[in-house]
Amino acid sequence: MIEFPGGDWADYELIDSGAGEKLERFGAYVLARPEPKALWDKSLPQAEWNRLAHTRFKPGAGFGKAGKEDSGTWERLHKMDDQWWIKYPLGSSESSSATPEQLSLRLGLTSFKHVGVFPEQAPNWEFIYRKCKGMDHPKVLNLFAYTGAASLAARAAGAEVTHLDSVRQVVTWARGNMEMTDQRNASERSDRGGVGGNAPRPLGVQGDSSRLRPSGIRWIVEDAMKFAAREARRGNRYDGIILDPPAYGHGPDGEKWKLDECLFGMLRTVAQILAPQGFVVLNLYSNGYSAALGETLVKEAFGVTEPEVLSENLWSPVTMNGRGPLAGGAERSGGFSERTSGSVRISSGELALKDR
């Protein structure tokens, strides 16, 4: 099964890749960024890259070093805004006459080459949306939640969402995405002559200073390991758990996270707080771990004994000139399987190519 962003997503386009870079369009602006897995030649001449790109990321002295591999600066090639918005049509691939839920996502140039959204995660947003729509008021926990597209996808399907990240600035960013999503969708419904909508009602204030003002999602700034362990002790359960852990990180109180040392312990804890028939989404792109490794970790952590729990290929992008599926490099593989305790979806790799 081939699965990648594209189709109805008008605000994103992977234009070209090669020679360790990728050229992408986010809304009105085109960005050139490093992509170590793009080992092939560029399809377009460099002069065309220079003409199209509004900005190019220039790696810093720490590029390639553990914990600093993405640091650098942006070189402006053409005039552009420091921040801008794009929309993602959630559920647009479904065979329904309903208007897709439009997620509004603010983008900005960061010193770590990221812009506030990971396009390769779009299939996961759709998976989360579909799973939550099939449940009755599910509770979803999004760990290492970043700017919150996955949280918005779950919320759009009626879930009660707990969004957690250790960095307050990105939690505030995520909240802004939700508020703009609500504002724009309400405006579009009004323009169509409709009223209301199925967005969840705001939750009540729940206490400590780590929770920002509530608005349908519980916002938490905390160390993910510490929070998950406390939820396990309290006996709390979630119908869906999303994990997109970084290779390295720090909690708000200096807690240290290192993926290869902490991931298995985190999964063991997650297994304790996953409700029966729940689902897990695990993304392992940050260290380039394979889905086979993720499968082994999940089997051990969750006590799964079936030999083929995760066997499907989620998507293998093909080159733009039709040279066929990639055997490695940009390949992102994984899968999900329905089982007695729910569903698991594992993904690894970054988006480098798409079929045009």
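Data for the structure
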item	result
Other-chain or far-sequence residues with amide H under 5 Å of residue 141's (modelled H)	162, 240, 241, 242
Amide H within-cut-off set for residue 217, under 5 Å, with H built and near neighbours excluded	203
From phi via Karplus (6.51, -1.76, 1.60), per-residue ³J(HN,Hα) for the range 288-300 in Hz, x at Gly/Pro	x, 5, 7, 5, 5, 5, x, 4, 4, 4, 5, 4, 5
Extension reserve of the residue 187-residue 111 stretch, reckoned as 0.36 nm per residue once the Cα distance is removed	24.0 nm
Estimated inter-spin distance, residue 43 and residue 133, nm [label 7 Å along Cα→Cβ]	3.0
Estimated vicinal HN-Hα couplings, Hz - the range 76-81 in sequence order (Karplus 6.51, -1.76, 1.60; Gly, Pro = x)	7, 9, 9, 5, 7, 6
Anchor residue 113: lysines whose Cα lies under 30 Å away (excluding residues fewer than 8 positions away in-chain)	22, 37, 42, 58, 65, 68, 79, 87, 226, 256, 258, 354
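Each value in this text was obtained by applying a stated rule to the coordinates, not by laboratory testing. The structure displayed is predicted, hence computed values, not measured ones. For neighbour counting, all protein chains shown are included, and Cβ atoms are generated from backbone atoms with ideal geometry for every residue, glycine included.
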